[in-house]
1. Packing-wise, with mean Cβ within 10 Å as the measure, how do 62-70, 112-120 rank, highest first?
2. Would you mind calculating the gained length between GLU226 and LEU125 on full extension (0.36 nm times residue separation, minus the Cα-Cα distance), in nm to one decimal?
3. Over the range 1-99, what percent of the accessible surface lies on carbon and sulfur atoms, probe 1.4 Å?
4. Assuming 0.36 nm per residue, please report the length gained on full extension of the stretch ALA212 to ALA246 beyond their Cα-Cα distance.
5. What is the Cα coordinate range of the chain on the first, second and third principal axes, sorted by size from largest, in whole angstrom?
6. Report the equivalent ellipsoid semi-axes for the range 122-258 in whole Å, largest first, defined as the square roots of five times the eigenvalues of the gyration tensor built from alpha carbon atoms.
7. Please give the FRET efficiency for ALA79 paired with LEU118, using the beta carbon to beta carbon distance and R0 = 45 Å, rounded to the nearest 0.05.
8. Please report Rg over Rh for the range 15-74, where both radii come from the alpha carbon positions and Rh follows the Kirkwood definition.
Amino acid sequence: MGIYLRPTEIEEAVAALAARPLTILAGGTDFYPARVGKPLDDDILDVTALAALRDEAVRWRNPALAEAAATVGGWQTQAVGTLGGNICNASPAADGMPALLTLDAEIEIASAKGRRLLPLADFVLGNRRTALGRDELVTAIVVPKPHGTARSTFLKLGARKYLVISIVMVAALVETAADGTIVGARVAVGACSAVAKRLIRLERDLCGRTLAPGIGALVAAEHLAELTPIDDVRAAAVYRSDAALALVARSLEGLVAP
Ligand SMILES: Cc1cc2nc3c(=O)[nH]c(=O)nc-3n(C[C@H](O)[C@H](O)[C@H](O)COP(=O)(O)OP(=O)(O)OC[C@H]3O[C@@H](n4cnc5c(N)ncnc54)[C@H](O)[C@@H]3O)c2cc1C
């Protein structure tokens with residue numbers, strides 16, 4: 001192994017990144033599996049002692065994000081893995097992405113030159129590709145508080161119930177008026193395109209409808225036009241499309257009050 005740095009202040013971390021190329025390491029649950037059988041010779045910037053990264057930005061409860069976090073790996077993975085690592089790793093199957101997209105999350109990025117904010121949709125650019133510069137560090141995920149009536153949910157389909165990478169996952173969030181009319185809707189699907197996608201047409205069609213049993217029947221194949229599922233070891237593209245349609249409809253039904 002090369003250099004190993006574990007700063008306690010953001011300023012120290014960004015100064016180190018400005019000085020030399022470093023690989024950022026958080027929980028290591030994506031980092032280490034990607035290096036099995038390879039020499040571990042990266043120069044490391046370990047961010048686990050940066051107290052500022054642990055500052056809890058999402059102080060209110062968001063069911064979809066909590067449900068998504070609870071499906072990531074097993075307890076050991078959840079104990080050390082971070083949401084920042086999940087986003088920065090930029091896997092098409094990153095379970096944190098859909099819920100954060102429905103929350104209109106923004107990514108705070110720091111470097112020795114200063115800080116900038118990017119919408120999450122502009123931060124993750126493709127499979128394993130982000131807008132992060134070589135000298136930059138993600139320092140926060142900024143989530144605006146949704147409307148008081150907001151309800152959200154997260155559904156994940158894998159080849160088994162537990163400890164599984166997603167074949168499809170869906171996060172949905174709706175905001176309603178007092179009479180149950182949907183005034184805001186955000187729905188995102190992961191693992192069906194290089195980057196998780198919001199279903200903008202569906203969101204538009206949901207607004208003005210009443211959130212009531214049967215709302216899932218509104219979802220049609222054309223609402224999923226943004227998705228570009230692929231065949232891989234986990235599922236065929238056509239299966240992914242069918243499953244996405246079913247999961248989106250089910251997630252909306254799940255938001256109807258009992
Ligand atoms: C057994 C197992 C099961 C898993 N199951 C799932 C699952 O079900 N769903 C799922 O989505 N994922 C799963 N994962 C993947 C992984 O656990 C998650 O993606 C996790 O959130 C990664 O976080 P981390 O802190 O461990 O990231 P790390 O491995 O430390 O880092 C991941 C990437 O992000 C970069 N990075 C980390 N923090 C920052 C930062 N602050 N600024 C800039 N770059 C940064 C690193 O350089 C690296 O490229 C699993 C992993 C394992 C080992």
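1. On the way: 62-70: 19.7, 112-120: 13.6.
Most protected by this proxy first, the peptides run 62-70, 112-120.
2. Numbers: separation 101, 0.36 × 101 = 36.36 nm, distance 1.51 nm.
Result: 34.8 nm gained on full extension.
3. 56
4. Details: separation 34, 0.36 × 34 = 12.24 nm, distance 1.73 nm.
Extending this stretch completely gives an extra 10.5 nm.
5. So the three principal-axis extents are 58, 40, 30 Å.
6. Details: eigenvalues 137, 87, 37 Å².
Rounded to whole Å, the semi-axes are 26, 21, 14.
7. Values: r = 28 Å, r/R0 = 0.63.
Calculated transfer efficiency: 0.95.
8. Values: Rg = 15.3 Å, Rh = 14.4 Å.
For the range 15-74, the value is 1.06.
The values are calculated or read from the model by the stated rules, or taken from the named source; none is laboratory data. Everything numeric in this text was worked out from a predicted model, so none of it was measured. Note: ideal-geometry Cβ built from the backbone for every residue, glycine included; neighbour counts use all protein chains shown. Surface areas here come from the heavy atoms of the whole protein model, side chains and all, with no ligands, DNA or RNA. Shrake-Rupley method; radii C 1.70, N 1.55, O 1.52, S 1.80 Å.
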